[in-house]
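Quick note: the coordinates plus some simple rules give every number you see, no bench work behind them. In this text, all values refer to a predicted model and were calculated from it rather than measured experimentally. FYI the Cβ positions are ideal-geometry reconstructions off the backbone, even for glycines, and counts take in every protein chain you see.
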Amino acid sequence: MTAQTELVPPEPVTTGAARPVRRALLTQDWRDLTFLHWPVDPAAVARLLPSGTRPDTFDGVSYVGLIAFRMDRVGWLGLPGLPYLGSFPETNVRLYSVGRGVPLAGRRQAAAVADRPGQLPAAVPVVADAGPPAG
């Protein structure tokens, strides 16, 4: 295998940032969060992930997440959030992945499927086939 295709173990899950953030582009608070997750076969979601990634798994299972929340106090480059415009509802359909190859090998990522046009219709049958959310 080449360095681009070798399976590098995923980075560990931690309570803090995996690496320091030099300068934040956006600042924001998340309010009124709801997380729903469905277990899915990794092969079923692999084609929906960005190139250069593979499904992240836990005990051989990947997950699809439906995350609804309100973004609040959204600001740019450390500036305070804009009133009214800096607060809005957000809903994501997410798949969890691990990067392959340089420079993202082993990095855990959340791919927001709903943010990529054309991908959401393909993700709906995967979620529908999975049944009720994981409890």
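Starting with the fewest neighbours, write out THR34, THR27 ranked by other beta-carbon atoms found within 10 Å of each beta-carbon. Intermediate results must be reported in sequence, preceding the final value.
Values: THR34 9, THR27 15.
Lowest to highest Cβ neighbour count: THR34, THR27.
Given the Cα-Cα distance of PHE35 and ASP72 and 0.36 nm per residue of separation, how much length would full extension add, in nm? Walk me through the intermediate numbers first.
On the way: separation 37, 0.36 × 37 = 13.32 nm, distance 1.75 nm.
The PHE35-ASP72 span can extend by a further 11.6 nm.
Could you calculate the FRET efficiency of ARG47 with LEU7 from 1/(1 + (r/R0)^6), where r is the beta carbon distance between them and R0 is 25 Å, rounded to 0.05?
On the way: r = 18 Å, r/R0 = 0.71.
For R0 = 25 Å, the calculated efficiency reads 0.90.
Grab the beta carbon distance between ARG23 and PHE88, set R0 = 25 Å, and tell me the FRET efficiency rounded to 0.05.
0.55
Taking the stretch 12-58, which trypsin sites (Lys or Arg not before Pro) meet the DSSP loop condition and have no more than 11 other C-beta atoms within 10 Å? Walk me through the numbers before you get to the answer.
Working: sites: ARG22, ARG23, ARG31, ARG47; in loops: ARG22, ARG23, ARG47.
Passing sites in the stretch 12-58 are ARG22, ARG23, ARG47.
Once the other residues with Cβ under 13 Å from the Cβ of ALA18 are scored (Lys, Arg +1; Asp, Glu -1), what is the net sum?
Working: positive: ARG19, ARG107, ARG108; negative: GLU11.
Counting the neighbours of ALA18, the net charge comes to +2.
In the stretch 24-44, whose amide N lies under 20 Å from the spot 7 Å out along Cα-to-Cβ of THR15? List them in ranges.
30
Once you list every other residue whose beta carbon is under 13 Å from the beta carbon of THR27, what net charge do they have if Lys and Arg are +1 and Asp and Glu are -1?
Working: positive: ARG23, ARG73; negative: ASP29, ASP72.
Charge balance in the 13 Å sphere: 0.
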